[in-house]
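No value in this document is a laboratory result; all are computed from the given coordinates. Keep in mind that what you see is a predicted model, and the values were worked out from it rather than measured. Quick reminder, even Gly has a Cβ in these numbers, built from the backbone with ideal geometry, and neighbours come from all protein chains shown.
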């Protein structure tokens, strides 16, 4: 795992401790985007799973190191041995024996070393996978956070729409009572008020659903009440597409993981090929014996003993086992290389799509700012004409609908831009709040 990732997780733990609810303050604190990311890095089970996979890889490294070290064993037991016949008659041996033995591989033509290198690259692959998991968690939090911000803005739009439609209803009622406007204007205004209230119900439900989604993204109970800061973080400066693609290929955990998988596969091929060659090992043992040995009329006590030696083991014929294992390892290596190429295409597609979405959202914001301004002006004109008695009420309702749609589209475009920027950062392999 990269140093930046470690610092991010440490900050997450510390920030979560700071954000722990105090018994003195019952009010729910407002969480910034950075706060939400810190909580998610501490709580998300997916990150803990990835971390334990890294720990498992470290355990496999320890296993791979063990053949370099002496293998020491101890054993103890009791035995009786009877042999009939012989020059001096039957022989009987009864003994208690404790043995301490040592075995050490002296040379295996790189089998152990290659297996250790493969295990180390496997651990690096697990670390890169953990980096990918962290980036996925951060992106999920950003998506949920921005969606909740947009939903809260839509509630404000719905509230303003209710206030405007209720004002229109009062005006239409006053005109009707004065006899200057028909009853139709009043009933139409009542329908608009009810529609605005329905919009408020839907907007509040949107906030509730997106709060649940955010809670799930940061790894807390879905039904917990969560308040967020309405202030958007400053948008990061967008790089050029060429710079984004270069950084993607250089930093994406998926690419780094694919390269690590290829290296591990190469070392496995070499480790399996080492089985064609001999193994040289040394062994020794010391035996503590207590007991007697009888041979006809002769009888004596057993003595301690020791032995030592060097052994050369040559694999003469294994029925094609080594050839099959080498073939399998080589095929796995080629598959890893193909997977690397597929990953490269996939992440380049992802970064190009995210870049296009961000540019599109930026242009939409500019267009919708102008549309929103014009829609508000039209609404003011329509309201003024109606209040002056010159315009029909349908002009007001049409202008009201256009203004609501324009404001909704503007909010959506604004948060689409932030979401596209977050996806671009993730596509480039960055982890930023």
Residue span residue 432 to residue 366: 0.36 nm per residue of separation minus Cα-Cα distance leaves a gain in nm of 21.2 nm
At R0 = 35 Å, how high is the FRET efficiency between residue 48 and residue 282 if r is their beta carbon distance? Nearest 0.05 is fine.
0.20
Compute the angle between helix 111-178 and the longest alpha-carbon principal axis of the chain, please, reported from 0 to 90 degrees and rounded to the nearest 10.
20 degrees
Taking the chain as the reference, fit the longest principal axis to its C-alpha atoms, fit the long axis of helix 3-18 to the helix C-alpha atoms, and give the angle between the two in degrees, 0 to 90, nearest 10.
60 degrees
Expressed in nm², what is the orientationally averaged projection area of the convex hull enclosing the Cα positions of region 219-283?
12.2 nm²
Give me the one-decimal nm value for the distance between modelled label points at residue 348 and residue 166, 7 Å along each residue's Cα-to-Cβ direction.
5.9 nm
Tilt relative to the chain, helix 33-43 - C-alpha long axis, 0 to 90 degrees, to 10:
30 degrees
For the chain, take the alpha-carbon Rg, divide it by the Kirkwood Rh, and send me Rg/Rh.
1.31
R0 = 30 Å: FRET efficiency of residue 295 with residue 73, Cβ-based, nearest 0.05?
0.45
Translational diffusion of region 157-243, µm² s⁻¹ [Kirkwood Rh, Cα pairs; Stokes-Einstein; 20 °C; 1.002 mPa s]:
128 µm²/s
When the distances between all Cα atoms of region 320-364 are binned every 5 Å from zero, what whole-number percent does each bin get?
5, 19, 12, 12, 11, 8, 9, 6, 6, 5, 3, 2, 1, 0
What three numbers, in Å, describe the spread of the alpha carbons of region 293-371 along their principal axes, ordered from the longest?
119, 32, 19
What is the gain in length, in nm to one decimal, between residue 334 and residue 208 on full extension, counting 0.36 nm per residue of separation less the C-alpha to C-alpha distance?
40.4 nm
What is the calculated FRET efficiency for residue 318 to residue 359, with r their C-beta to C-beta distance and R₀ = 56 Å, to the nearest 0.05?
0.40
Evaluate the distance, in nm, between pseudo-label points positioned 7 Å from the Cα of residue 92 and of residue 327 along their respective Cα→Cβ axes.
5.9 nm
Cα coordinate range in region 69-217, projected on the principal axes (Å, largest first)
142, 36, 18
Over all pairs of different Cα atoms in region 310-433, the reciprocal of the mean inverse distance gives a Kirkwood radius in Å of 20.2 Å
What is the list of residues in region 265-303 whose amide nitrogen lies under 15 Å from a point 7 angstrom out from the Cα of residue 82, following Cα to Cβ?
294-296
Contour minus end-to-end for residue 174 and residue 66, with contour as 0.36 nm per residue of separation and end-to-end as the Cα-Cα distance?
29.7 nm
Simple spin-label model, 7 Å along Cα-to-Cβ: residue 242 to residue 227 in nm?
5.0 nm
